[in-house]
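In what follows, a single structure is set out as structure tokens and then discussed.
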Amino acid sequence: MSKKNSKGTPATIALEKAGIKFDILSYEHDSDQTHYGEETCKKLGLDPRSVLKTLIVDLNPNGKQKLAVAVVPVAGMLDLKSVAKNFGVKKAEMANPKDAERSSGYVTGGISPLGQRAKLPTLIDASVENLEKVYCSGGKRGFSLVLDPKDLASATNAKFAQLGRDNYFHN
């Protein structure tokens, strides 16, 4: 399943420019599937605690839009109150999918935390900080990158923070 992509995506190009080691896993995306992270876990046989979903949030939902990135494992649910607290704002909401696509340059279900069109403040859930490797979107559906979570944080200027709800897996 692992292979290098000769064309590259903005995500792989960002990692290559940063000199960060990564691998690629890919699969044929089912166009009827809308639970992208779950599909990745099932098709690649991966633990949902190490497969990440990249979510774009609005940190100023009742005013001028202020987008940010929250990266959490597929196994859990994003806690928007924790997101707001960790970004130092009163409230956070999920961004409109079209705004997320426009800002990131990727399609929903293929949004990578890496190589986004606009550089947004980014947080990664603390539950993955000490894992050996994590899997995140490489910039399109069915295309995942495998890398050290600390390298992901470095490449995205992210900090680790508790972003999940109580029913969430935490180390």
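The values are calculated or read from the model by the stated rules, or taken from the named source; none is laboratory data. Computed from a prediction, not measured in an experiment: that's the story for all the values here. Reconstructed Cβ throughout: ideal geometry from the backbone, glycine too, with neighbour counts over all protein chains shown. Accessible surface areas use protein heavy atoms only, side chains included; no ligands, DNA or RNA. Shrake-Rupley method; radii C 1.70, N 1.55, O 1.52, S 1.80 Å.
Assorted remarks:
- Index of the failed condition, G138 passing every other in (1) modelled with pLDDT of 95 or more; (2) over 18 Å from A18 (Cβ atoms): (2)
- Filtered residues of region 128-141 (kept if open to solvent by 10 Å² or more (accessible area, probe 1.4 Å) and not charged (D, E, K, R)): N130, L131, Y135, S137, G139
- Residues in region 103-114 that are open to solvent by 30 Å² or more (accessible area, probe 1.4 Å) and under 19 Å from I13 (Cα atoms): G105, V107.
- Selected residue (criterion: surrounded by the most Cβ atoms within 10 Å (Cβ to Cβ)) from residues of region 9-31 that are in contact with a strand residue (DSSP E or B) (Cβ under 8 Å, 6 or more places away or on another chain), among the hydrophobic types (A, V, I, L, M, F, W, C) and part of a helix (DSSP H, G or I): A11
- The residues of region 32-53 that are in a helix (DSSP H, G or I) and of a type in the set (S, T, Y), listed by number, are Y36, T40.
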